[in-house]
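Asker: One structure coming up, written as structure tokens, with questions to follow.
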Amino acid sequence: MNDSISRENADLRKRLRAFVTQANENQSKLQRFQDLQLRLMQATSLPDVLENILYAYRREFDHDAVSLLLADEHYEIRRILNTLEWDRHEHPNLLFVENIQALQQAFPDNLSPKLGSCDNTCNLLFFPQHTSKYASIAIFPLIRQQTLIGALSLGSHDASRFVAGSATDFLSSLTAVLAICLENSLNNERLKLLGILDSLTGVHNRRYFEQRLKEECDRATRLQQPLSCLYFDLDHFKHINDEHGHATGDTVLRHVSRQIKKFMRISDVMARLGGEEFSALLVNTTQESAVEIAERIRQQICAEAFAMAGKIKLNITISIGCATLDSHYQLNPEITGAQLVKAADQALYQAKHQGRNRVVCAESLLRLDEQSA
């Protein structure tokens, strides 16, 4: 009997140690989840939220894969990230879907989390960047105000890591916090953008352009890299307003801004300076390359007539001035920036004077500086 009692006591002690170990592990996991949730809530920008969930979370919890799929029907989130110069192409685990129905179909059971194996359809939607399927997955819907806004997806090479019916309290809490933080950060970014975007065209405004002009000139002189400025002006825009009305003129401005923006990189800065004038800073771009880009923009705009209501078509042309800050030209960035824009503006004036619908390059900034001395 003593042997039996001893074995029972040993078994009880073993189970108690296992229970204490599991409790400690759960406590540690809970603490890490709470720390992550706190960092998400303290994140000051949308990129901060994304970095925490896509990278910090994966490292701390040793996941084989973490991906975030966001519903972005109108391309708004991607435009915000572009404005913030957060290149989403460098983050393949951040995904977007325009068709919300495809996302809803992944959660047939009243938007409950999906745990278990991953079929081809699931893999294509949530892990398209991975050629092989994961042995087990956990996919949690992100819901705000009873609306599905995305999904947090975890993948594992271990078939037993995510099993249907497993407890998901920690992860469900995390995704609820993530959904709130995403919504809050997007709202904050929208508010910030209101101060730097042109309300008519959606491109940056003069205030933002002047701020970035100083920064880019400073960087160009520090890194000894060329910086080019393009100055755009629509030809005969007053005639469009007078003949067809200001509503049509506004539509033309939006159309032209979209055409110009197609040729801009994330590192470039494009802005509407006022009226029918736009400008762009082309980072690390020589005069030769800047002229090539300007010419392609000019050809794009004048190649196809702008269709209006009532089958009326307008032939739109644009004049462009170009100036380049050479890598050897070093002055106070504020003075340099003003001279760069002034040179591009003077080149634009020459383009207008020479007959419009053309690209003209400014003289050397050094020469211009000597003339103004």
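Since every read-out is calculated from the coordinates, none of them should be taken as a lab result. Given the structure is predicted, the values throughout are model-derived calculations rather than measurements. We place every Cβ from the backbone using ideal geometry, glycine too, and count neighbours over all the protein chains shown.
Asker: How far apart, in nm, are the 7 Å Cα→Cβ label points at Asp250 and Asn315?
Answerer: 2.8 nm
Asker: Using the number of other C-beta atoms within 10 angstrom as an exposure proxy, rank His255, His204 with the fewest first.
Answerer: Least to most surrounded, the residues fall as His255, His204.
Asker: So for the pair Gln146, His239, with labels modelled 7 Å out along Cα→Cβ, what separation do we get in nm?
Answerer: 5.6 nm
Asker: Give me Rg/Rg_expected for the stretch 2-193, where Rg uses Cα atoms only and Rg_expected = 2.2 N^0.38 Å with N residues.
Answerer: Normalised by 2.2 N^0.38 Å, the Cα Rg of the stretch 2-193 equals 1.21.
Asker: What is the dipole size for the stretch 2-193, taken about its Cα centre, with +1 at each Lys and Arg Cβ and -1 at each Asp and Glu Cβ, in debye to the nearest 20?
Answerer: With only Lys, Arg, Asp and Glu charged at Cβ, the dipole is about 440 debye.
Asker: Considering the dipole of the chain built from charges on the beta carbon (Lys and Arg +1, Asp and Glu -1) around the Cα centre, which of Ser289, Ser185, Tyr231 is farthest to its positive end?
Answerer: Sorting the options by dipole projection puts first Ser185.
Asker: Lysine pairs in the stretch 2-193 8 or more apart or on different chains: how many have alpha carbons under 29 angstrom apart?
Answerer: Lysine pair count for the stretch 2-193: 4.
Asker: Which percent of the Cα-Cα distances in the chain go past 33 Å?
Answerer: Of all Cα-Cα distances in the chain, 50 percent exceed 33 Å.
Asker: What is the order of Ile301, Ile53, fewest Cβ neighbours within 10 Å to most?
Answerer: By the 10 Å Cβ count, ascending: Ile301, Ile53.
Asker: Next question. Using a Förster distance of 22 angstrom, determine the FRET efficiency expected from the C-beta separation of Ile180 and Ala102, and round it to 0.05.
Answerer: 0.40
Asker: Aspartates and glutamates within cross-link reach of Lys238: Cα-Cα under 18 Å, excluding same-chain residues under 8 positions apart?
Answerer: In chain and number order, the partners are Asp250, Glu276, Glu277.
Asker: Among the DSSP beta bridges whose two residues both lie in the stretch 2-193, what percent are antiparallel, rounded to the nearest 5?
Answerer: 80 percent
Asker: Given H placed 1.01 Å from N in the peptide plane, which residues other than close sequence neighbours of Thr285 have an amide H under 5 Å from its amide H?
Answerer: Residues meeting the criterion, in which the H sits 1.01 Å from N, are Leu227, Ser228.
Asker: Still on this structure, I have one more. Work out the length of the dipole vector of the chain about its Cα centre, built from +1 on the beta-carbon of each Lys and Arg and -1 on the beta-carbon of each Asp and Glu, and round it to the nearest 20 debye.
Answerer: With Lys and Arg at +1 and Asp and Glu at -1, about 460 debye.
Asker: Given the peptides 83-90, 64-71, arrange them by the average over their residues of other C-beta atoms within 10 Å, most packed first.
Answerer: Sorting 83-90, 64-71 by mean packing, highest first, produces 64-71, 83-90.
Asker: Now, a different point. Given only helices, namely DSSP H runs of n ≥ 4 each adding -39500 (n - 2.57), what is the per-residue ellipticity at 222 nm of the chain, to the nearest 500 deg cm²/dmol?
Answerer: -16000 deg cm²/dmol
Asker: Suppose R0 equals 51 Å; then what is the FRET efficiency for Glu210 and Leu124 from their Cβ-Cβ distance, rounded to the nearest 0.05?
Answerer: Efficiency, rounded to the nearest 0.05: 0.65.
Asker: With the dipole of the chain worked out from charges on the C-beta (+1 for Lys and Arg, -1 for Asp and Glu) around the Cα centre, which of Ala159, Met41, Met308 lies farthest toward the positive end?
Answerer: The Cα lying farthest towards the positive end belongs to Ala159.
Asker: Taking neighbour counts of Cβ atoms within 10 Å as a proxy for exposure, in what order, fewest first, do Lys29, Lys261 appear?
Answerer: Listing Lys29, Lys261 from fewest to most nearby Cβ atoms yields Lys29, Lys261.
Asker: Which peptide among 350-363, 148-161, 239-252 comes first, and what is the full order, when sorted by highest mean count of other Cβ atoms within 10 Å?
Answerer: Highest to lowest by the protection proxy: 148-161, 350-363, 239-252.
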